[in-house]
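Reading through the structure tokens given below for one structure.
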Amino acid sequence: MTPEEFRTQGHAMIDWIVDYLAGVGDHRVQPAIEPGAVRAALPVSPPTEPEPFDRVFADFESIILPATTHWQHPSFFAYFPANSSFPSILGELLSAGLGVNGMSWVTSPAATELETHVLDWMVELLGLPDAFRSTSERGGGVIQATASEATLTSILAARWKAMGGSINSSAVGLERLVAHSSAQAHSSIEKGLRIAGIGTERIRWIDTDDQFAMKPEALAEAIAADRAAGLVPFWVCATLGTTSSTAFDPLPAIGRIARTEGLWLHADGDERDPATLAPEFRWINHGMEFADSYCTNPHKWMGVNFDCDLFWTRDRGALLGALSILPEYLRSTAAEAGAAIDYRDWGIPLGRRFRALKLWFVLRCTGVAATQEMLRRHVALAQELATWVATDERFEIVAPHPVNLVCFRLLDDPDGARTDALIERANATGDALFTRTVLAGRSALRSRSVLATERTHVEAGWTLLQRLADEV
Ligand code: PLP
């Protein structure tokens, strides 16, 4: 592709994105295709000669687009609001254009320093403890790709600390470490612990209360039982907004236990915590002064497209202890003088994309007030949906809904089969997309809004469910 072709196609591509997003609601939310259909439409072997871009793009429109789930669709009520926005897309484009690898300060000073700076901005905007700031004595923040990576990073730092600053020879062997988390925690917690060598038999899934939040007294009991068995509790995870139902584990109570017991406390704020941009939702972060590490995902509810997970710790020493390796080819005088951060030591991969650009663009171009307004609108839509559900005697709400997610099910449905069928039938129409979960042993439907969702879409989604409720 020549520079002039790139210019022409690039302009056309921006036009295409603008038109796509304007009309995204005209697509089926989820394509009605069978597994294997996309591959069957593609040539078995790769091309041997370059092809004109127009031909490639024609295939994109005829093969890829019809098989795409439209996450920006206003009736995408599923999973989480993984939204892009124009400033974010432009930041992403520039990041690709610059093509820098921000593995260390010297490989692109701007990538590192902008990242440090926007993470400090976010400490202020989310009302987080000063101990997370890069300017604090021992803390700091970094952008990870995902909450899963942030969690793993936290586990590795905690493991390093628990093993006395070693992962090879230590008085406390890996085989004695145990971790604690709520039974409602995300699967990434188990995955991280498995990767870190903590066997699944040494993960304690702590009971939750009738609101699906961790019971601190059950945590204390589990820790005591582990100690009595000669094991060493080292890491506990509190979820601030569980995946299934947005339950908030009681961070202050868990934090006090973690502090008394000398455990590393990780707070998984994943997708609900961008809400704390609005002061009325700051209660979510109560107890954060106890957290050793914390993560939240602007790529889930702030209009910053995937991937952008923010991770902070108050103990960067443990992070560096666990993850820093310095081969000759990565040495730099700036880092050795302690004058610069090398983010390659703050996470799993060496190579790092320039993700701070898109967050910076969103913070500056969309602005905090508009983001707060969007968050409040989503919460209001959820509350309105909840009142509609509550007044239909065929349905019941199954979990508290303090933020943007409502979980409900059909009432006359002892084995959950009708609720499952309802979700399946609604999704099959292509007019809306909901996800299923299981709460208290029974199926439930989850619904929440995305950036493009208006009241009319929520209303239409609810009307669809009401209509199908009598048919399942
Ligand atoms: N933690 C919670 C509470 C989640 O809901 C999710 C995903 O939905 C994750 C972690 C994992 O997120 P990611 O895809 O960023 O790894």
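Quick notes on this one:
- Filter pass, Val100 being in contact (Cβ under 8 Å) with a residue 60 or more places away in the chain, in contact with a Phe, Trp or Tyr (Cβ under 6 Å, 6 or more places away or on another chain), part of a helix (DSSP H, G or I) and not hydroxyl-bearing (Ser, Thr, Tyr): no
- In the set (1) over 11 Å from the mean Cα position of the chain (by Cα); (2) within 16 Å of the ligand (Cβ to nearest atom); (3) within 21 Å of Thr116 (Cβ to Cβ), Leu277 fails one condition alone, (2).
- Leading residue by the ranking (surrounded by the fewest Cβ atoms within 10 Å (Cβ to Cβ)) among those in the range 66-87 that are within 16 Å of the ligand (Cβ to nearest atom) and aromatic (Phe, Trp, Tyr): Tyr79
- Just one of the listed residues (Leu114, Leu90) is more than 16 Å from the ligand (Cβ to nearest atom), closer than 18 Å to Leu359 by Cα and buried (at least 18 other Cβ atoms within 10 Å of the Cβ), and it is Leu114.
- Condition broken by Arg353, with the remaining ones in (1) away from the ligand (no atom under 16 Å from the Cβ); (2) surrounded by 15 or more Cβ atoms within 10 Å (Cβ to Cβ); (3) of a type outside the set (Asp, Glu); (4) modelled with pLDDT of 95 or more satisfied: (1)
- Meets criteria (of a type in the set (D, E, K, R) and either touching a Lys or Arg at 6+ places or on another chain (Cβ under 8 Å) or not in a loop (DSSP other than H, G, I, E, B) (or both)) for Glu49: no
- Within the option set Arg138, Arg159, being assigned to a loop (DSSP other than H, G, I, E, B) and either away from the ligand (no atom under 16 Å from the Cβ) or touching a helix residue (DSSP H, G or I) at 6+ places or on another chain (Cβ under 6 Å) (or both) holds for one residue only, Arg138.
- Qualifying residue in the range 310-320 (condition: closer than 29 Å to Leu439 by Cα, crowded, with 23+ Cβ neighbours inside 10 Å and not polar (S, T, N, Q)): yes
- Inside the range 458-472, residues that are in a helix (DSSP H, G or I), more than 9 Å from Ala432 (Cα to Cα) and touching a strand residue (DSSP E or B) at 6+ places or on another chain (Cβ under 9 Å) make up a count of 5.
- Among the residues examined, Gly199 does not qualify as more than 16 Å from the ligand (Cβ to nearest atom) and on the phi > 0 side of the Ramachandran plot.
- Scope the range 31-46; condition surrounded by 10 or more Cβ atoms within 10 Å (Cβ to Cβ) and either in a loop (DSSP other than H, G, I, E, B) or touching a Leu at 6+ places or on another chain (Cβ under 8 Å) (or both); matching residues: Pro31, Ala32, Ile33, Ala41, Leu42
- The range 280-319, residues that are acidic (Asp, Glu) and more than 16 Å from the ligand (Cβ to nearest atom): Glu280, Glu289, Asp292, Asp315
- Count - residues of the range 255-274 that are within 16 Å of the ligand (Cβ to nearest atom) and within 18 Å of Ile155 (Cα to Cα): 6
- Only one entry in Val106, Val118, Val56 is at pLDDT below 95 and assigned to a helix (DSSP H, G or I), namely Val106.
- For the range 273-291, a residue qualifies if it is part of a loop (DSSP other than H, G, I, E, B) and touching a strand residue (DSSP E or B) at 6+ places or on another chain (Cβ under 6 Å), and exactly one does: Ala291.
- Residue within the range 354-362 that is assigned to a loop (DSSP other than H, G, I, E, B) and under 21 Å from the mean Cα position of the chain (by Cα) present: yes
- Take the conditions (1) surrounded by fewer than 21 Cβ atoms within 10 Å (Cβ to Cβ); (2) farther than 29 Å from Gln372 by Cβ; (3) hydroxyl-bearing (Ser, Thr, Tyr); Thr419 misses just one of them, which is (1).
The values are calculated or read from the model by the stated rules, or taken from the named source; none is laboratory data. Just so it is clear, the model here is predicted, and its values are computed rather than measured. Counting neighbours? That spans all protein chains shown, and the Cβs are built from the backbone with ideal geometry, glycine included.
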